[in-house]
Ligand code: SAH
């Protein structure tokens, strides 16, 4: 066995690790035996020197260890390869591999796949790796080798897109680049048969909001003959789904002109512009302020994370409440609202309470039809409730 530096926890501070929570906070550490470098594999022990877990050490931020194993092991290529194989097996189990209708999905979802600090998305041949921790970032070449081994013909290229997600110390040396390039296929992906341009290099996140796949599909059902407003449309995911579902008219809104251009491109790609669609590059708050009553039958609200940290939670909740209130007030009788929050800092309960108070302020009769989350290729470890980040409600407004 390799000799790893040991991190000893204070008495009583081992409880969360005993319950398989994958984070060790700096306040829990009693002492360290040996040398510590950013990104190193370390072993975590309780105060009585019993082994608890192995993980990546990181200087920056309050999480000092991100746990990658609760069993004492050598952390080598085989260890990581097993993890990738497990993650891909799960995607096979949920029907996403070799799926004729959908060829974009998440292969590795951080803690949900017991690989904290790593996101891997697949776009019909192009893999985008996004590193959120220094320890994972140091393994980028090894992971590329493993992906080539395990994915065979399915892999055309691997792109590292982490310059905005890494801790400060690592950001300095990281540049977004292809780590492997056999050939770059035309970057059009399929989602439930709908086509989308995905720009992995210039696009937001890894290129597409794959986590909303099943929620976009659900929107199809509610869009027949409806006037649909898609707020925060990005590249028009929900807009394409609504038109596919038979919407009479779709309006898409995003403050980014680039996003609006891509939305128009995606509409054309799917419908050759034979549909009633208009996109507006404008601020959502201004657009909703000017909203007329009784225009839309369906409104989608999928804003960016207004609360990135716990400190900004209250401000974020105010923002959410404001846009939800406007939608509740203006939607037609018998209307449907799809409302979301992707802020990790806002819990399901916080989100519901916010929606309740936005609703109550309008006095309308409102019912919950569906409670939504991210797709199953973004699994949530039962021991890591923080992974339950995407909250959504489908509401009936009478
Ligand atoms: N629903 C989209 C993803 C939304 S991401 C999908 O299914 O793909 C959030 C989007 O909100 C981004 O495209 C961002 O450009 C946009 N945005 C952020 N702040 C905004 C604002 N104040 N007004 C309008 N759009 C905004």
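Output the residues belonging to the range 342-378 that are touching a helix residue (DSSP H, G or I) at 6+ places or on another chain (Cβ under 6 Å) and loosely packed, with under 14 Cβ neighbours inside 10 Å.
361
Quick one: is residue 245 modelled with pLDDT of 95 or more, near the ligand (Cβ under 9 Å from one of its atoms) and crowded, with 18+ Cβ neighbours inside 10 Å? Please lay out each step first, then the result.
On the way: modelled with pLDDT of 95 or more: yes; near the ligand (Cβ under 9 Å from one of its atoms): no; crowded, with 18+ Cβ neighbours inside 10 Å: yes.
In short, no.
Starting from the range 331-355, take each residue that is more than 14 Å from residue 313 (Cα to Cα) and list its partners that are assigned to a helix (DSSP H, G or I), counting only C-beta distances under 6 angstrom and pairs at least six apart or across chains.
The qualifying pairs are 336/222; 337/327; 339/324; 355/324.
Residues are listed down the side, and each one gets a yes or a no for (1) over 30 Å from residue 393 (Cβ atoms); (2) surrounded by 18 or more Cβ atoms within 10 Å (Cβ to Cβ):
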{"residue": "166", "(1), (2)": "yes, yes"}
{"residue": "182", "(1), (2)": "yes, no"}
{"residue": "190", "(1), (2)": "no, no"}
{"residue": "195", "(1), (2)": "no, no"}
{"residue": "200", "(1), (2)": "yes, yes"}
{"residue": "219", "(1), (2)": "no, yes"}
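Would you please name the residue that is farthest from the ligand (Cβ to nearest atom), looking only at residues in the range 248-270 that are farther than 29 Å from residue 316 by Cβ and assigned to a helix (DSSP H, G or I)? Don't jump to the end; show me each part of the working.
We begin by selecting, within the range 248-270, every residue farther than 29 Å from residue 316 by Cβ; these are 248-249, 264-265, 267-270.
Of the ones still in play, those that are also assigned to a helix (DSSP H, G or I) are 264-265, 267-270.
Working: 264: 14, 265: 14, 267: 13, 268: 17, 269: 15, 270: 14 Å.
Looking at residues that are farther than 29 Å from residue 316 by Cβ and assigned to a helix (DSSP H, G or I), I get 268.
(1) modelled with pLDDT of 95 or more; (2) over 25 Å from the mean Cα position of the chain (by Cα): which one isn't true of residue 254, the others all being true?
Result: residue 254 passes all but (2).
Do the conditions hold for residue 299, that is, is it away from the ligand (no atom under 12 Å from the Cβ), within 24 Å of residue 351 (Cβ to Cβ) and touching a residue at least 12 places away in the same chain (Cβ under 8 Å)?
For residue 299, the condition - away from the ligand (no atom under 12 Å from the Cβ), within 24 Å of residue 351 (Cβ to Cβ) and touching a residue at least 12 places away in the same chain (Cβ under 8 Å) - is met.
Please pick out the residue among 88, 8 that is in contact (Cβ under 8 Å) with a residue 40 or more places away in the chain, farther than 24 Å from residue 166 by Cα and in contact with a helix residue (DSSP H, G or I) (Cβ under 9 Å, 6 or more places away or on another chain). Walk me through it before giving the result.
Values: 8 fails: in contact with a helix residue (DSSP H, G or I) (Cβ under 9 Å, 6 or more places away or on another chain).
Answer to the check: 88.
Any residue in the range 271-283 that is within 14 Å of the ligand (Cβ to nearest atom), surrounded by 15 or more Cβ atoms within 10 Å (Cβ to Cβ), more than 24 Å from the chain's Cα centre (by Cα) and touching a residue at least 40 places away in the same chain (Cβ under 8 Å)? Step through it out loud before you land on a result.
Step one: of the range 271-283, the residues within 14 Å of the ligand (Cβ to nearest atom) are 279-283.
If we keep only those that are surrounded by 15 or more Cβ atoms within 10 Å (Cβ to Cβ) too, we end up with 279-281.
Keeping just the survivors that are more than 24 Å from the chain's Cα centre (by Cα) gives 279-280.
Adding the requirement that they be touching a residue at least 40 places away in the same chain (Cβ under 8 Å) leaves 279.
Scanning the range 271-283 turns up at least one residue that is within 14 Å of the ligand (Cβ to nearest atom), surrounded by 15 or more Cβ atoms within 10 Å (Cβ to Cβ), more than 24 Å from the chain's Cα centre (by Cα) and touching a residue at least 40 places away in the same chain (Cβ under 8 Å).
Picking from 309, 384, which residue would you name as being within 21 Å of the chain's Cα centre (by Cα), without any contact (Cβ under 8 Å) to a residue 40 or more places away in the chain and away from the ligand (no atom under 16 Å from the Cβ)?
Numbers: 384 fails: without any contact (Cβ under 8 Å) to a residue 40 or more places away in the chain.
One residue alone meets the criteria, 309.
Scan the range 121-150 residue by residue and report those that are without any contact (Cβ under 8 Å) to a residue 60 or more places away in the chain and buried (at least 24 other Cβ atoms within 10 Å of the Cβ).
Within the range 121-150, the first condition is being without any contact (Cβ under 8 Å) to a residue 60 or more places away in the chain, and the residues that meet it are 122, 127, 129, 131-132, 139-141, 144, 148.
If the condition is that a residue be without any contact (Cβ under 8 Å) to a residue 60 or more places away in the chain and buried (at least 24 other Cβ atoms within 10 Å of the Cβ), then 122, 127, 129, 131 are the ones that fit.
The values are calculated or read from the model by the stated rules, or taken from the named source; none is laboratory data. Computed from a predicted structure; not experimentally measured. Heads up, the Cβs are rebuilt from the backbone with ideal geometry, glycines too, and the neighbour counts pull from every protein chain shown.
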